[in-house]
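Below is one structure, written out as structure tokens; the observations come after it.
The values are calculated or read from the model by the stated rules, or taken from the named source; none is laboratory data. These figures come from a predicted structure and were not determined experimentally. FYI the Cβ positions are ideal-geometry reconstructions off the backbone, even for glycines, and counts take in every protein chain you see. We work out accessible area using only protein heavy atoms, side chains counted, and drop any ligands, DNA or RNA first. Shrake-Rupley method; radii C 1.70, N 1.55, O 1.52, S 1.80 Å.
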Amino acid sequence: MSMGPEPINLFDFEAAARERLPKVEYDYIAGGATDEISVERNRRAYESWALRPRVLHDVSALDLSTTVLGTKVSLPVLIAPCGGHQKAHPEGEFATYRAATTCGTVFAVSANAGADFEELAKAASGRRWLQLYPFRDKEMTKDWLRRAKDAGYEAVCLTLDSQWPSKRERNIRNGYRNLRGVNFPKAGGDAARGRPGAHPGGGDPAATWKDLEWIKSSTALPVVAKGIMTGEDAELCAQAGADAVIVSNHGGRHLDNTLATIEVLAEAVAAAKGKTEIYLDGGIRRGADVVKAIALGAKAVFIGRPLFWGLAVGGEQGVVRVLNILREEIELTMAKCGRPTIASIDATVVVKAPRL
Ligand SMILES: Cc1cc2nc3c(=O)[nH]c(=O)nc-3n(C[C@H](O)[C@H](O)[C@H](O)COP(=O)(O)O)c2cc1C
């Protein structure tokens with residue numbers, strides 16, 4: 001991490017990454033759909049809840065560990081599935097995976113990863129999930145599901161909000177061409193039959209809830225449904241047998257003008273009626289954001305863009321630093337709210353903030 005002062009928060013990391021990355025790559029990572037209203041709203045909405053500090057609780061020993069899908073992580077921040085980590089650092093997903101292993105968290109490997117997911121599995125010992133789309137090609141899906149299980153992936157993350165391509169105007173203006181991940185078959189397969197201009201490998205536009213049921217019945221791995229933004233869909237995920245739901249608007253990269261993810265979290269939690277775990281992603285940049293999400297019912301959260309900023313600034317160590325900054329900020333927030341454990345973060349930690 002040379003050049004400039006040491007980043008002390010995730011915004012500093014973004015600024016430093018922006019200096020290092022080619023503009024078109026920075027724009028691809030930072031950007032969102034059309035007017036980027038949802039990108040900004042994901043961030044700003046955290047201000048709609050205030051923390052309620054509590055004093056005289058013993059916070060001398062804090063424990064940030066929790067479980068996701070029944071297995072321990074050392075902090076409630078996981079790595080979201082994102083394609084093409086090598087855009088930010090030559091070691092790409094390998095660096096991210098080693099960092100996630102060091103920090104004791106889950107790495108969700110994207111369908112569009114620039115690394116072979118079976119090779120990646122050998123690079124470290126941490127927990128891994130594999131992200132898929134509801135592909136049109138059922139044989140390819142079965143093949144991925146079988147290979148994921150054999151390679152020790154612990155869950156399948158099914159991204160459901162990408163059936164239709166998005167309109168990302170920074171990419172259009174930059175003439176940006178995104179490539180398919182290396183795990184797709186060289187010839188044939190889903191993406192080769194995709195509509196012209198479609199974001200590569202985004203899933204079958206004809207997919208329905210039956211496809212989620214089919215995937216659930218086609219693997220022994222837990223299925224995590226990603227990209228849910230309403231109570232109705234959270235309930236349908238639970239009915240279709242999903243083991244967990246990620247409340248996500250894809251970081252504002254698919255449909256613009258949605259509510260922020262933190263704004264729909266409570267609705268999703270209520271609709272799932274405890275049948276599935278609920279996670280959240282979108283705009284998590286501060287430890288306080290993580291604590292607010294947990295207080296509002298998330299079991300854990302994911303980060304997307306910040307992992308690229310970490311990679312661009314310092315490769316594996318940069319991602320470790322990003323996670324450690326969040327860890328330190330979560331600790332501070334928990335201590336000052338009198339909550340020594342993740343389980344002790346309940347709804348009374350936050351209050352809806354009055355408009356100023
Ligand atoms: C550069 C980039 C690539 C992404 N690629 C994928 C992907 O391949 N599959 C997927 O399900 N989500 C993908 N996402 C969305 C993330 O998983 C996540 O939902 C989002 O980034 C969270 O918001 P945040 O970036 O504000 O943390 C991508 C996000 C970014 C920034």
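Put simply, when 19-30, 222-233, 165-176 are sorted by average Cβ atoms within 10 angstrom per residue, most first, you get 222-233, 19-30, 165-176.
Can you tell me how segment 75-133 classifies by the Cα gyration tensor, rounded, prolate or oblate, using a/c under 1.5 as the rounded cut?
Numbers: a/c = 1.41, a/b = 1.24, b/c = 1.13.
It comes out rounded by the Cα gyration axes.
The calculated FRET efficiency for T67 paired with E139, based on their beta-carbon distance and R0 = 35 Å, is about 0.55. Summarising the label geometry, the points placed 7 Å from Cα in the beta-carbon direction at L332 and N178 lie 3.3 nm from one another. Normalised by the number of residues in the chain, the mean separation of alpha-carbon contacts (under 8 Å, six or more apart) gives a relative contact order of 27 percent.
Ordering 120-133, 92-105 by mean Cβ neighbour count within 10 Å, with the highest value first, yields 92-105, 120-133.
How charged is the neighbourhood of L158? Take every other residue with its Cβ under 10 Å from the Cβ of L158, and add Lys/Arg as +1 and Asp/Glu as -1. Could you put the intermediate results ahead of the total?
Numbers: positive: K216, K226; negative: D211.
Result for the neighbourhood of L158: +1.
Where only protein heavy atoms count, and the probe is 1.4 Å, what is the accessible area per residue for the chain in Å²?
Working: 15080 Å² over 356 residues.
Accessible area per residue, the chain: 42 Å².
Counting only residues at least eight positions apart within a chain, or on another chain, the lysines with an alpha carbon under 17 Å from that of K23 are K87. The lysines within cross-link reach of K210, meaning a Cα-to-Cα straight distance under 18 Å and a gap of 8 or more places when in the same chain, are K138, K142, K226.
In the chain, the calculated helix contribution to ellipticity at 222 nm averages -11500 deg cm²/dmol per residue, counting -39,500 (n - 2.57) for every DSSP H run with n ≥ 4.
Would you mind classifying segment 3-47 by shape? Square roots of the alpha carbon gyration tensor eigenvalues, ordered a ≥ b ≥ c; an a/c under 1.5 is rounded, otherwise it is prolate if a/b is larger than b/c and oblate if not.
Numbers: a/c = 4.87, a/b = 1.34, b/c = 3.65.
Verdict is oblate for segment 3-47.
Shape class for the chain: rounded, because the ratio a/c of the largest to smallest gyration tensor axis (alpha-carbon atoms, square roots of eigenvalues) is under 1.5. Treating r as the C-beta distance of S74 and S48 and R0 as 25 Å, the FRET efficiency rounds to 0.30.
If the segment from W164 to K149 were pulled out straight at 0.36 nm per residue, it would be longer than the present Cα-Cα gap by 2.6 nm.
Of all the accessible heavy-atom surface of the chain, with the other protein chains kept in place and a 1.4 Å probe, what percent is carbon and sulfur? Spell out each step's value before the answer.
Numbers: 8000 of 15080 Å².
The C+S portion of the solvent-accessible surface of the chain is 53 percent.
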